[in-house]
């Protein structure tokens with residue numbers, strides 16, 4: 001292939017940046033070792049995608065509309081996997097991140113808009129993560145004045161605490177608390193009668209229904225996910241040997257994150273349908289009541305609290321790293337920043353976003369409204385960032401690994417359909 005070879009990566013990057021021995025050289029005797037070393041970014045970015053905003057949007061959808069929206073997160077699995085696989089392809093075959101490619105191939109206006117989209121998406125994500133942690137704190141009787149500074153400081157400490165692999169392992173471990181929602185959904189599974197009543201009864205004429213659908217779409221597709229996965233895989237320096245592993249990692253991650261979303265929606269809908277929990281959400285901590293009929297008040301609140309905190313911290317770490325990496329690549333094209341090397345204006349920008357997000361949470365009374373609204377904002381950002389991603393993978397990669405032919409048009413059609421649905425859902429609330 002015409003992609004960066006292992007020799008190029010070991011000696012230096014094609015754009016003049018210093019390199020290090022790629023994984024494919026460091027583990028020449030074991031292809032399995034390359035696979036193991038490559039696994040991580042795809043799974044982590046998907047676990048981070050199932051963040052506090054995702055949980056709140058899914059729970060609100062189940063509480064308000066029953067099982068009607070249950071097919072949506074399932075149908076989004078292949079689209080999410082295709083989008084993130086393109087990001088992985090950029091990281092492997094261009095030798096750099098998504099921001100690197102945009103810096104090399106686009107003009108200042110496009111780069112500026114891409115940077116603004118990344119910052120807005122990072123702000124939205126960090127705000128929802130802090131909202132989730134704050135909601136859990138309030139559920140246990142802790143004030144915002146304590147929870148917000150403590151959680152924001154913890155996010156910054158984790159972000160700047162060490163090298164990338166250490167942060168990745170920590171974030172994956174914390175994020176695994178989210179798996180508790182799958183067990184809850186299994187225990188509180190719906191009856192066939194409930195599904196047959198709700199699923200055919202779609203409410204496409206209701207603006208509120210379309211709005212929450214747009215929130216689920218925005219919760220699935222975050223612009224920072226594209227920047228993060230491309231940069232994280234480029235940082236691993238696997239070469240072509242890691243491509244299959246990266247694809248598998250991405251598809252498994254997409255399956256896991258969407259099943260988690262569906263599990264939260266299902267658990268909420270089942271609890272409301274059986275009269276064991278109240279309907280529409282008014283507080284984030286109210287979601288724990290959907291678990292209480294199965295786990296009891298104390299253990300239900302504990303499982304919910306750990307799940308939301310784990311999801312929020314994992315997403316906050318990944319979104320912050322994506323902002324640092326992406327802005328660095330867009331502005332200067334320097335080597336991808338790991339947390340231990342996050343210095344200068346890019347680290348300050350990420351820190352400022354954390355602070356601004358904390359201020360937004362402190363100033364907002366209704367955290368459910370804030371979290372759902374920010375997911376809809378992600379849906380509005382999706383068309384621009386996804387369009388750039390498709391253009392870059394179709395034109396800027398080596399010819400034999402570009403997105404082309406039937407696959408290109410399939411990806412374009414899928415993204416267009418999802419993006420249009422998100423835009424329609426967001427627009428209905430403005431009419």
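Nothing in this text is a laboratory measurement; each read-out follows from the coordinates by a stated rule. These figures come from a predicted structure and were not determined experimentally. Positions of Cβ are generated from backbone atoms using ideal geometry, with glycine treated the same way; all protein chains shown enter the neighbour counts.
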**OP:** Hey, for a label at residue 391 modelled as a point 7 Å past Cα toward Cβ, could you say which residues of the stretch 208-240 have their backbone N under 18 Å away?
**Re:** 223-224, 226-227
**OP:** Can you grab the distance from the C-alpha centre of the stretch 68-88 to the C-alpha centre of the stretch 374-431, Å, no decimals?
**Re:** 12
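I need the calculated FRET efficiency for the pair residue 400 and residue 252, taking r as the beta carbon distance and R₀ as 25 Å, to the nearest 0.05. Intermediate results must be reported in sequence, preceding the final value.
Working: r = 26 Å, r/R0 = 1.03.
That pair, residue 400 with residue 252, gives E of 0.45.
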Subject >> Distance between modelled label sites at residue 331 and residue 75, nm, 7 Å Cα→Cβ extension >> reply: 4.1
Original post:
Residue separation times 0.36 nm, minus the C-alpha to C-alpha distance between residue 282 and residue 408: what's the value?
Top reply: 41.1 nm
**OP:** May I ask you to sort 404, 193 by Cβ crowding, counting other Cβ atoms within 10 Å and putting the fewest first?
**Re:** 193, 404
**OP:** Starting from the Cα of residue 197, step 7 Å along the direction of its Cβ; do the same at residue 355; then give the gap between the two resulting points in nm.
**Re:** 5.3
Original post:
Taking R0 as 60 Å, what's the FRET efficiency between residue 244 and residue 116 from their Cβ-Cβ distance, rounded to 0.05?
Top reply: 0.95
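Fewest to most neighbouring Cβ within 10 Å: what's the order for 98, 227, 146?
With the sparsest Cβ surroundings first, the list reads 146, 98, 227.
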**OP:** Return a whole-number percent for the relative contact order of the stretch 41-157, with Cα pairs under 8 Å and 6 or more residues apart as the contact set.
**Re:** 25
Original post:
Pulled fully out, how much extra length does the chain show between residue 299 and residue 427, if you take 0.36 nm times their separation in residues and subtract their Cα-Cα distance?
Top reply: 42.1 nm
Original post:
Tell me, how many Å apart are the Cα centres for the stretch 91-148 and for the stretch 215-234?
Top reply: 9
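Between residue 384 and residue 306, what's the calculated FRET efficiency when r is the beta-carbon distance and R0 is 51 Å? Round to 0.05.
0.90
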Original post:
What distance in nm separates the simple spin-label points at residue 187 and residue 206, each placed 7 Å from Cα in the Cβ direction?
Top reply: 2.9
